[in-house]
1. Can you order the peptides 174-185, 71-82 by their average number of other Cβ atoms within 10 Å per residue, highest first?
2. Distance in nm between label sites at residue 97 and residue 75, each 7 Å beyond Cα in the beta-carbon direction?
3. Full-extension gain between residue 144 and residue 111, please, as 0.36 nm times their residue separation minus the C-alpha to C-alpha distance.
4. Using the scaling law 2.2 N^0.38 Å as the reference, what is the normalised Cα Rg of the range 126-196?
5. For the residue pair residue 68 and residue 166, what label-to-label distance in nm results when each label sits 7 Å from Cα along the Cα-to-beta-carbon direction?
6. Using alpha carbon centroids, what distance separates the range 101-125 and the range 64-94, in Å?
7. Would you work out if the range 80-183 is rounded, prolate or oblate? Take a ≥ b ≥ c from the square roots of the eigenvalues of the alpha-carbon gyration tensor; rounded if a/c is under 1.5, else prolate when a/b is larger than b/c, oblate otherwise.
8. Just grab the label-to-label distance for residue 85 and residue 185, each label 7 Å out from Cα along the Cβ direction, in nm (one decimal).
Ligand SMILES: [Zn+2]
């Protein structure tokens, strides 16, 4: 009897030991899991960071993939080759030092040093920043259209041999097509948008 009691107690003890053993393993696994989480956390944060970075890059790329948003009036002039009404806008009398950039793509087009008062009601320049303006003969063959060499936006027309300045050139530019950047802010001017 004693032997069988011992045997029973032994089995109970073995059962207790097994239970304790499993509990210890579970505790160990929980600790291991926590440790793994601590080890993995920087990678998880890093991955999340990369996701945010790639989203920001996508946004930047998206910004660079589009020209500046235009008002309906600017669109009428720049895209549909319209003309501002004479003696309207801020620029036809402006004499401040600075540069004029394309309102659509920010490309520098004209310098205030080349601006003169033609009394025609539109901003007038007798020269462009080299390489910034392209000339096309109008469909009627009479006038020469000027467009931004970067984005193709309509600027106005160029007229020759009118006697205004020594250069005998008058770029008659729509205020809606250009944006003035004061000389002391040129370094902060928006970057040129290239879509080609
Ligand atoms: Zn442009």
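Read the figures in this text as sums done on the coordinates, not as results from a lab. In this text the structure is predicted, and so the values were computed from the model without any measurement. All Cβ positions, glycine included, derive from the backbone under ideal geometry; neighbour counts span all protein chains shown.
1. Output ranking for 174-185, 71-82: 174-185, 71-82.
2. According to this spin-label approximation, the distance is 3.9 nm.
3. 9.8 nm
4. Working it through for the range 126-196, the quotient is 1.24.
5. 3.2 nm
6. Here the two parts' Cα centres lie 12 Å apart.
7. Rounded, since a/c falls under 1.5.
8. Simple spin-label model gives 2.6 nm for this pair.
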